[in-house]
Structure formats: C-alpha cells, structure tokens
Amino acid sequence: MNFLLLSLTISMVSMVNGLSLKGPKVPQVDKEALLQELEEAELLKELETLVQNLDDEQLELLESIMGKDIDEATEFDMIVAELKAMGMDEEDINDLKQLSELMYEFLIQVPE
C-alpha cells in the first residue's frame, strides 16, 4: 500500500512539474521598431491636427505651391516660408519634414 501511494505521489509530482502556469510564450518585440512606430504615429497625429486647423484659403495656397512646375528644393522652401507665415514654429515644421521623409521611404517600397 505504501509503495502504491509513493508511486502515485511521484507520478503526480512529475506531472505537475511538466505543467506550465506561465501561459503561452509571447514573441519578443523589437523595441526600436515599436518606438519608431509610436513616433511615426505621433507625427501623423500632429499632421492631422495641423491640417484640421488650416482654413480653406491656407490649404489652397499650399496646394497652389505644390502644383507649380518648380524643383523640389524651391517648392519645399516656399512651403516652409508659408507655414512660418501661418504661425507654425520651427519644431513643428521639422516634424512635418521628418514625417514626409518617412512617408516617402514607405511609398517607394510599395510596388506600382
């Protein structure tokens, strides 16, 4: 009887040791990639807020600048000057520039 009880106890301990209370394994997340995604989302939210605060005249002016047949550097300088005239500070303009670069990097990866 003692032998049976001892055998049963050993088998139960073995079975309990094989169980895991930790749950399923969670894949490792690349912290840098996650941080970059959060920064991009924040920049996108700022851009959305900016565009919502522009009136129709300001939007039309920016669209007319982008519609001109000029080189990119001149176009960018004109847009920056207009954004400054609208009251945007240098940090926000730099954020927009960074966001546009990120969007460009993404779009060139998309097949046509």
Original post:
Label-point separation (nm) for Lys84 and Glu48, each offset 7 Å from Cα along Cα-to-Cβ?
Top reply: 3.0
Original post:
From the phi of every residue in region 37-49, what ³J(HN,Hα) in whole Hz does the Karplus formula 6.51 cos²θ - 1.76 cosθ + 1.60 yield, where θ is phi - 60° and glycine or proline is x?
Top reply: 4, 5, 5, 5, 5, 5, 5, 5, 5, 4, 5, 4, 4
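Bear in mind that the values in this text are calculations on the coordinates, not laboratory data. As the structure is a computational prediction, the values presented were derived from the model and not from experiment. Note that each Cβ is placed from the backbone with ideal geometry, even for glycine, and that neighbours are counted across all protein chains shown.
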